[in-house]
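Let me begin by presenting the structure, written as structure tokens, before commenting on it.
Read the figures in this text as sums done on the coordinates, not as results from a lab. Computed from a prediction, not measured in an experiment: that's the story for all the values here. In this analysis, Cβ positions are derived from the backbone assuming ideal geometry, glycine residues included, and neighbour counts consider all displayed protein chains.
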Amino acid sequence: MIEIRDLHKSYKVGSNSLHVLKGINFNVAEGELVSIMGSSGSGKSTLLNILGMLDEADEGSYTLDGVVIKNLNEKIAARYRNKFLGFVFQSFNLISYKNALDNVALPLYYQGIKRGERIDKAMSYLEKVGLADWAGHLPNELSGGQKQRVAIARALASDPKVLLADEPTGALDSKTSYDVMNLIQEINDEGRTILVVTHEPDIAAMTKRIVNLKDGRIIQDTQVNQVRAQENV
Amino acid sequence: MFELERWEEIFDTIRKNKLRTFLTGLSVASGIFILVILLGIGEGMRNGISQEFQRDAANIIYVYTGVTSKEYKGLNPGRRIQMKNEDFNYTALKHQDDLEYKSSIFRIWNGIVNFGKESGSYRVEGVYPDYQFLENSGMVEGRFVNYKDHENFEKVVAIGKKVRDDLFKDGKDPLGEYVQISGINFKVIGVFTDPGGEREESLVFMPLSTAQRVFGGANNIANMAFTLEPEDNFEAALAASNYFSTEIENQLKETHTIAPEDESAVSINNSLENAKRFYDLMDMIKFFFWGVGICTIIAGVVGVSNIMLIIVKERTREIGIRKALGAEPLSIVGMVLHESIFVTAIAGFIGLIASLMLLEFVGPLIETQYISNPAVNFNVALTTVFILVIAGAIAGFFPAWRAARIKPIEALRDE
């Protein structure tokens with residue numbers, strides 16, 4: 001599903017150049033649930049941004065579902081993001097003036113789907129995350145866990161190939177975190193490929209594979225026995 | 001740009017950001033409102049002052065004669081030129097299509113006027129009925145001298161208000177009473193008032209024919225006064241008036257054998273020259289209000305630009321989210337512009353309609369001297385709305401474009 005070869009990325013900080021990713025090689029097969037771990041500054045978020053086409057690599061190749069992602073202009077990047085990827089952010093990033101249902105329906109708007117169908121689809125995803133009763137509520141009327149579940153429903157709405165979650169539990173308490181991870185596991189069980197960036201070992205342990213990043217390099221890539229979140233709830 | 005889905009998305013945004021929409025709309029609507037009201041008042045002042053002007057400074061042309069200063073065709077200088085009825089009749093006939101009002105004047109010197117025991121010395125003149133309009137006199141009671149009086153040599157007089165107040169004590173009604181002028185009885189037929197005040201109201205008018213016959217004037221006249229038919233603008237009026245003045249001067253010089261270059265024999269007082277000041281004033285007022293109006297528009301444009309900048313800034317994160325979800329840059333720019341144009345246009349028209357209604361319904365009620373019938377050219381007002389909308393769109397475009405270019409990660413970066 002994802003193939004990355006020799007990926008480099010550096011940022012200019014003032015007059016210095018900060019080499020963040022120093023040659024990443026990394027494959028993800030369909031249906032995997034991978035966590036990317038590392039301390040802050042290890043380059044894990046940068047990697048996720050490149051995977052998410054929110055940022056572009058300086059060197060190296062990136063293939064997503066057989067499509068080479070290179071020299072994208074904004075328009076094509078937007079189309080690919082819409083088609084291939086779903087994002088879940090630490091700070092939820094819901095649009096504050098839209099209710100849960102409309103937030104979930106937004107990616108479908110950019111797919112050019114008509115309103116009626118959009119609403120039906122969005123509703124079914126809200127049901128899937130267990131928030132059908134909260135469809136008409138604005139984000140600030142929802143708890144953190146609920147917001148993140150709305151965000152997950154939104155990420156799923158466009159039926160993406162890969163779900164990218166950047167610290168999805170970073171702003172949540174542990175009980176809610178496990179709830180959210182449980183949802184992510186369930187989605188993975190249906191066969192969707194998911195990448196989770198986290199620095200929490202217990203969250204990483206709930207995935208099937210842990211990739212450890214340090215100073216811009218992968219230092220460890222192991223398959224693990226998945227801990228089911230359900231057991232911790 | 002105009003598909004239904006986009007409209008739904010925009011109405012959704014507007015509905016859920018009522019305060020923002022309201023504030024944007026308010027600034028645009030108030031800008032337009034102020035501008036239209038300003039232009040309306042400017043127009044009203046122009047109307048008011050031009051009415052003032054028409055009342056006071058009528059384009060009256062006064063002709064009087066003096067003494068020749070140059071010898072001409074064997075005639076000595078120092079000759080007194082006396083205008084006759086023929087001079088007046090000739091001019092009146094020749095220019096009958098151009099003239100609005102016309103009258104010749106026979107002046108009676110030492111006009112002692114008595115009524116009972118009261119007496120006073122007033123200017124007594126024999127005039128044509130038109131003279132009432134040349135003097136801009138209004139009747140307080142009775143009537144002015146008319147053509148019938150003139151034809152029948154009636155011994156009637158119209159007296160000024162001051163004359164009435166002097167001679168008719170205790171509020172006695174002067175109409176039908178007889179006053180004596182140089183010992184001859186004249187019947188009072190009317191009392192007039194004059195915007196020129198007391199001086200112009202210490203006058204006694206009688207028919208020209210009567211004055212000439214009774215006071216031994218033969219067919220002599222002292223002055224002639226004319227007004228020309230009004231023209232559309234000052235330049236035309238001035239040209240017509242100067243042309244007429246020259247015509248009448250030449251004609252008088254010819255009839256009375258005066259050297260063409262003689263300056264003192266015939267004098268023509270053309271009050272339209274003075275009127276130029278009023279027209280200049282009106283132009284000044286016009287420029288002033290346009291200046292203020294343009295400044296208002298600039299202020300409005302700056303205001304709208306500011307609001308657009310803030311709106312885009314405020315929506316940066318939202319734009320980042322939308323981009324992460326697959327919005328193309330153009331669709332972001334389109335969304336921001338579409339919304340801003342929609343809001344400013346609606347607000348602009350609301351401001352326009354509100355101000356036009358105010359002018360329409362309140363305008364006619366304004367009864368001050370210098371403002372009359374304030375109104376505004378609808379096309380001008382409409383143009384300003386469009387200018388503001390387009391300016392708002394341009395002002396919104398650049399920040400929106402920049403926001404759309406920002407990488408989503410930067411827009412989404414946690415504060």
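Across region B:147-299, what fraction of all alpha-carbon pairs, as a whole percent, falls in each successive 10 Å bin from zero upward?
9, 22, 24, 23, 14, 6, 2, 0
Taking H as built 1.01 Å from N, whose amide H comes closer than 5 Å to the amide H of A:Arg209, not counting residues under 5 places away?
A:Leu33, A:Ser35, A:Val224
In terms of Cα to Cα distance under 22 Å, which lysines are near enough to B:Lys161, apart from those fewer than 8 places away along the same chain?
Result set, ordered by chain and number: B:Lys117, B:Lys169, B:Lys172, B:Lys187.
Using the alpha-carbon centroid of each, what span in Å lies between region B:293-362 and region B:97-166?
Taking the Cα centre of each part, region B:293-362 and region B:97-166 sit 67 Å apart.
If you take the beta carbon distance between B:Leu365 and A:Ile76 as r and set R0 to 60 Å, what does 1/(1 + (r/R0)^6) give as a FRET efficiency, to the nearest 0.05?
0.40
Label points 7 Å out from Cα along the Cβ direction at B:Glu8 and A:Glu56: separation in nm?
About 3.4 nm, to one decimal.
Need one word for the protein assembly as shown: rounded, prolate or oblate. Basis is the Cα gyration tensor (sqrt eigenvalues a ≥ b ≥ c); a/c below 1.5 gives rounded, then a/b vs b/c decides.
prolate
Counting Lys and Arg as +1 and Asp and Glu as -1, what is the net charge of the other residues whose Cβ lies under 10 Å from the Cβ of A:Ser96?
Within the 10 Å Cβ shell, the charges total +2.
Using a simple spin-label model with points 7 Å from Cα along the Cα→Cβ vector, what separation in nm is obtained for B:Met357 and B:Lys286?
It works out to 3.2 nm between the two label points.
By how many nm would the segment from B:Arg15 to B:Asn89 grow when fully extended, if each residue of separation counts as 0.36 nm and the alpha-carbon distance is taken off?
Between B:Arg15 and B:Asn89, full extension yields an extra 18.8 nm.
What is the distance, in nm, between label points placed 7 Å from the Cα along the Cα-to-Cβ direction at B:Phe398 and at A:Val67?
That separation, rounded to one decimal, is 3.5 nm.
Given R₀ = 22 Å, what would the calculated FRET efficiency be for B:Glu254 paired with B:Glu100, taking r from the Cβ atoms and rounding to 0.05?
E(calc), rounded to 0.05, equals 0.30.
Out of the trypsin sites (Lys or Arg not before Pro) in region A:26-100, which ones are loop residues according to DSSP with at most 11 other C-beta atoms within 10 Å?
A:Lys70
How much mean residue ellipticity at 222 nm does chain A get from its helices, if each DSSP H run of length 4 or more adds -39500 (n - 2.57) and you divide by all residues, to the nearest 500 deg cm²/dmol?
Dividing the helical sum by the residues of chain A leaves -10000 deg cm²/dmol.
Pull up all non-local amide H partners of B:Arg143: gap of 5 or more, or a different chain, and H-to-H distance under 5 Å with H placed in the peptide plane.
The list, which skips near neighbours in sequence, is B:Gly190, B:Val191.
Could you list the GluC sites (Glu not before Pro) in region B:219-289 that lie in coil according to DSSP, counting only those with at most 13 other Cβ atoms within 10 Å of their Cβ?
Here the GluC sites (Glu not before Pro) that fit, given the DSSP loop and packing criteria, are B:Glu261, B:Glu263.
Can you give the calculated 222 nm mean residue ellipticity of chain B, where each DSSP H run of n ≥ 4 adds -39,500 (n - 2.57) and the sum is split over every residue, rounded to the nearest 500 deg cm²/dmol?
-18500 deg cm²/dmol
Give the aspartates and glutamates whose C-alpha is closer than 20 Å to that of A:Lys175, dropping any in the same chain fewer than 8 places away, or say none.
A:Glu141, A:Asp166, A:Glu167, A:Glu186, A:Glu200, A:Asp202, A:Glu231
Calculate I(q)/I(0) for region A:2-231 by the Debye formula, one identical point scatterer on each C-alpha and no solvent, and give its log10 at q = 0.07, 0.09 Å⁻¹ to two decimals.
Debye curve over Cα of region A:2-231, log10 I(q)/I(0) at q = 0.07, 0.09 Å⁻¹: -0.22, -0.36.
Assuming R0 = 25 Å, can you tell me the calculated FRET efficiency for the pair B:Ser119 and B:Met139, based on Cβ-Cβ distance, to the nearest 0.05?
Efficiency computed from Cβ-Cβ geometry: 0.55.
Could you point to the residue in B:Ser245, B:Val304, B:Thr227 farthest towards the positive end of the protein assembly as shown's charge dipole, with +1 and -1 charges on the Cβ of Lys/Arg and Asp/Glu respectively?
Looking along the dipole axis, the top candidate is B:Val304.
Where does helix B:378-405 land angle-wise versus the long Cα axis of chain B, in degrees 0 to 90, nearest 10?
Around 20 degrees separate the two axes.
Report the Cα-based extents of region B:99-221 along its three principal axes, largest first, to the nearest Å.
Between the extreme Cα coordinates on each principal axis of region B:99-221 lie 41, 30, 23 Å.
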